[in-house]
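Visitor: Quick one: structure below, then a few questions.
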Amino acid sequence: MSTDNTSPVLRMESVRKTFGTSVVLRDVDLEVPPHTVTALIGASGSGKSTLLRCANLLEDIDDGAIWLDGEEITDPRVDPDAIRRRIGVVFQAYNLFPHMTVLENITLAPRRVHGASRAEAEAHARELLERLGLGDKAGAYPDRLSGGQQQRVAIVRALAVRPRLLLFDEITAALDPELVGEVLAVVRDLKDEGMTMVLATHEMGFARDVADQVCFLDGGVVLERGTAQQIFGDPQQERTQRFLRRIVEAGRL
Amino acid sequence: MTVVKDDSGQEAADDKGDMPGGGDTYVPSQRRLDRERHKRARARRATAIAAVSTLVTAVVLYVVVVSAPGWERTKETFFDGHYAREAFPKVLEGLWLNIRLLLICGVLVLVLGMLIAIARTLRGPVFFPLRVLAAAYTDFFRGLPLIINLMIVVFGVPALRLQGVTVDPVWLGGAALTLTYSAYVAEVFRAGIESIHPSQRAAARSLGLTNRQALRHVVLPQAVRRQVPPLLNDLVSLQKDTGLVSIGGAIDAVRASDIIAQRALNYTPYIVAGLVFVALTIPMTRFTDWVTARMDRQRAQGGTT
């Protein structure tokens with residue numbers, strides 16, 4: 001899929017974002033190589049979600065720059081819609097369109113934005129649904145599905161446009177533990193297929209298993225970055241250690 | 001492993017709440033300055049385009065109207081300064097009646113509309129007749145043309161010669177307006193009530209609230225807030241339709257201009273009355289927009305999209 005196997009898919013350089021007087025992101029640097037999974041961990045309010053929203057141009061950054069496949073996307077001259085077409089996003093609250101069936105939710109963007117024919121879009125959607133174990137739900141409306149099913153549909157919707165990069169914003173936070181597994185299994189499969197992903201997550205065990213790179217955010221700063229083994233096995237920063245200790249005490253790692 | 005910020009563990013926490021560019025050492029980069037310069041230039045260009053396009057539109061409209069073959073004659077019959085000056089105070093006097101009608105009918109319409117809407121959404125077999133009546137009421141008065149309704153009430157009720165019932169066209173006209181507009185507003189409220197997700201009612205009932213309490217404390221507040229824009233829309237419409245009470249002989253702004261126009265055989269007073277209504281409606285429309293925008297802002301997640 002990628003043209004160059006070494007240059008990063010997503011790169012951020014000293015990104016700064018403020019809301020009024022509070023600095024939400026401060027000098028954030030990030031590199032996401034192709035076919036890797038980057039996990040963003042940290043307490044609520046540490047800036048994980050904002051970082052993802054900035055990458056998808058849902059937020060204007062104050063300073064710094066972001067590149068997608070070597071193209072600067074924070075340049076005010078670029079068309080944000082063209083950038084977003086190459087990035088898939090899955091939200092914590094699913095954000096499925098309640099007035100459309102599962103199939104319509106999935107085929108909306110391929111048909112309206114990417115100009116795929118109805119037959120083509122539906123065939124692709126059904127194939128993806130089948131793969132994620134939702135083959136019989138194509139005609140159902142979102143409100144009829146369980147949370148886990150809705151979130152898997154949301155993932156299919158993001159995948160249907162064949163994105164270059166997937167952003168997952170705490171996609172399991174609204175699910176009960178039983179359903180978390182089925183969603184994480186999907187993410188694991190996507191990793192095996194070589195999808196490039198960035199995920200903000202509270203599932204530390206999962207982050208340790210699938211992430212190639214883990215970033216610990218604290219107060220809007222990437223305080224520590226490394227492989228999963230390094231961050232979870234031998235954190236250097238005192239704050240990282242404290243955060244992970246609390247997670248372990250809560251029995252979540 | 002890369003330790004990204006070697007000594008900043010404490011520092012990052014310390015200046016968390018600082019003003020941007022205040023206590024911390026942040027200095028905008030050249031990149032940011034360039035980007036902002038570009039955005040400013042783009043904003044200037046957009047303003048210039050808007051100005052030019054407005055100017056061109058205005059000039060074209062002006063030329064089309066003024067070069068029309070009948071313009072001189074039209075100007076005399078519709079835009080005569082003398083009659084405008086004569087009509088203006090009379091129209092304003094009449095307008096006071098329109099405003100009073102709007103205020104009284106507006107309140108009555110909101111109350112009556114709400115009651116009808118609630119009657120239509122009541123559950124339980126006991127309320128069946130009430131539901132049917134409410135539905136019949138809205139069906140009938142939404143379908144009946146306002147002007148016919150007005151004529152029936154304003155001319156029909158006095159014809160009955162009932163003891164103690166007013167024959168004042170203002171009161172009767174107001175009653176007719178209230179009848180019609182209550183039906184519209186009831187439907188607006190009902191649409192609002194039904195648009196509240198059933199899970200809200202379920203959550204309220206699960207807390208032990210009765211159906212009535214759930215409606216009063218959970219469903220109605222959300223429904224009303226959601227329906228504010230269409231409600232204001234109906235009120236603006238009501239404001240204009242208060243002019244129709246003049247068919248019964250009440251002297252409102254429309255009738256006041258009509259009297260002069262009939263006598264002078266000049267249409268300028270109508271233009272004056274029309275403009276006065278527009279002037280009254282614009283603040284209300286802006287207010288509607290402001291309320292809607294404020295509600296959208298409160299609800300929407302942050303972001304530029």
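Each value in this text was obtained by applying a stated rule to the coordinates, not by laboratory testing. Computed from a prediction, not measured in an experiment: that's the story for all the values here. No Cβ is skipped: glycine too gets one built from the backbone with ideal geometry, and neighbour counts run over all protein chains shown.
Visitor: Out of residues 5 or more away from A:L10 or on other chains, whose amide H comes under 5 Å of its own, with H placed 1.01 Å from N in the peptide plane?
Guide: The answer is A:V32, A:D69.
Visitor: Determine the calculated [θ] at 222 nm for chain B from helices alone, applying -39500 (n - 2.57) to every DSSP H run no shorter than 4 residues and normalising by the residue count; nearest 500 deg cm²/dmol.
Guide: Working: 12 runs with 220 residues, N = 305.
After summing the helix terms and dividing by the residues of chain B, the value is -24500 deg cm²/dmol.
Visitor: While we're on this one: Which residue fluctuates most in the GNM of chain B (Cα springs below 10 Å): B:L146, B:L110, B:L160?
Guide: Comparing B:L146, B:L110, B:L160 in the GNM, the peak value goes to B:L160.
Visitor: Here's another thing I want to ask about it. Apply the Karplus curve 6.51 cos²θ - 1.76 cosθ + 1.60, θ = phi - 60°, to the phi angles in region B:108-123 and return the couplings in whole Hz, x for Gly and Pro.
Guide: 4, 5, 5, 5, 5, x, 4, 4, 5, 4, 5, 4, 6, 9, 5, 9
Visitor: Moving on to the next point. Between A:L166 and residues 5 or more places away or on another chain, which pairs have amide H atoms under 5 Å apart, with H built 1.01 Å from N, and which residues are they?
Guide: Those lying under 5 Å, H to H, from A:L166 are A:G88, A:T196, A:M197, A:V198.
Visitor: Then there's this: Of all DSSP beta bridges located in the protein assembly as shown, what percent are antiparallel, nearest 5? Walk me through the intermediate numbers first.
Guide: On the way: 20 of 36 bridges.
Around 55 percent of the beta bridges assigned by DSSP in the protein assembly as shown are antiparallel ones.
Visitor: Also, I was wondering about something else. What aspartates and glutamates does A:K137 reach when the alpha-carbon gap must be under 18 Å and sequence neighbours fewer than 8 apart in one chain are set aside?
Guide: A:E104, A:E122, A:E127, A:E182
Visitor: Relative to the first principal axis of the alpha-carbon coordinates of chain A, what is the inclination of helix A:147-159, with its axis defined by its Cα atoms, in degrees from 0 to 90 and to the nearest 10?
Guide: Tilt relative to chain A: about 90 degrees.
Visitor: Between B:I147 and B:R44, take the C-beta separation as r, use R0 = 56 Å, and let me know the FRET efficiency to the nearest 0.05.
Guide: Numbers: r = 52 Å, r/R0 = 0.92.
With R0 = 56 Å, the Cβ-Cβ based efficiency is 0.60.
Visitor: Would you pull out the residues with amide H under 5 Å of A:I73's amide H, same chain only if 5 or more places away, H placed 1.01 Å from N?
Guide: Long-range HN contacts for A:I73: A:I66, A:W67, A:L68.
Visitor: Compute the acute angle (0 to 90°) between the alpha-carbon long axis of helix A:177-192 and the principal axis of greatest extent of the alpha-carbon atoms of chain A; round to the nearest 10°.
Guide: 90
Visitor: Provide the per-residue ³J(HN,Hα) series for region A:38-47, in order, calculated from phi with Karplus coefficients 6.51, -1.76, 1.60 and θ = phi - 60°, each as a whole number of Hz, with x at glycine and proline positions.
Guide: Taking θ as phi minus 60°, the curve returns 10, 9, 9, 10, x, 5, 4, x, 7, x Hz for region A:38-47.
Visitor: Using a Förster distance of 45 angstrom, determine the FRET efficiency expected from the C-beta separation of B:R37 and B:R286, and round it to 0.05. Before the final figure, lay out each step's value.
Guide: Numbers: r = 34 Å, r/R0 = 0.75.
Calculated value: 0.85.
Visitor: Which residues make up the longest stretch of chain B clear of trypsin sites (Lys or Arg not before Pro) that lie in a DSSP loop with no more than 13 other Cβ atoms within 10 Å, not counting the sites? Walk me through the intermediate numbers first.
Guide: Numbers: sites that count: B:R123, B:R161.
Of all site-free stretches, the longest is B:162-305.
Visitor: Shape of region B:81-291 from its Cα gyration tensor (a ≥ b ≥ c, root eigenvalues): rounded if a/c is under 1.5, otherwise prolate when a/b > b/c, or oblate?
Guide: Working: a/c = 3.51, a/b = 1.81, b/c = 1.94.
Since a/c reaches 1.5 but b/c is at least a/b, the shape of region B:81-291 is classed as oblate.
Visitor: When the Kirkwood radius is taken over all Cα pairs of region A:157-235, what Stokes-Einstein diffusion coefficient follows at 4 °C and 1.567 mPa s, in µm²/s?
Guide: On the way: Rh = 13.6 Å.
Diffusion coefficient, whole number: 95 µm²/s.
Visitor: Which value, in debye to the nearest 20, describes the size of the charge dipole of the protein assembly as shown about its Cα centre when Lys and Arg Cβ atoms bear +1, Asp and Glu Cβ atoms bear -1, and nothing else is charged? Intermediate results must be reported in sequence, preceding the final value.
Guide: Details: 65 positive and 62 negative charges, 413 e Å.
Here the protein assembly as shown has a charge dipole of around 1980 debye.
Visitor: When the Cα centres of region A:163-230 and region B:155-221 are compared, how far apart do they sit, in Å?
Guide: 52
Visitor: Taking the Cα centre of region B:109-252 as origin, sum charge times position over the Cβ atoms of Lys and Arg (+1) and Asp and Glu (-1), and report the length of that vector in debye to the nearest 20. Walk me through the numbers before you get to the answer.
Guide: On the way: 13 positive and 7 negative charges, 153 e Å.
Dipole about the Cα centre, nearest 20: 740 debye.
Visitor: In debye to the nearest 20, how big a dipole does region A:98-163 give about its Cα centre with +1 on each Lys and Arg Cβ and -1 on each Asp and Glu Cβ?
Guide: Working: 10 positive and 7 negative charges, 30 e Å.
It works out to roughly 140 debye.
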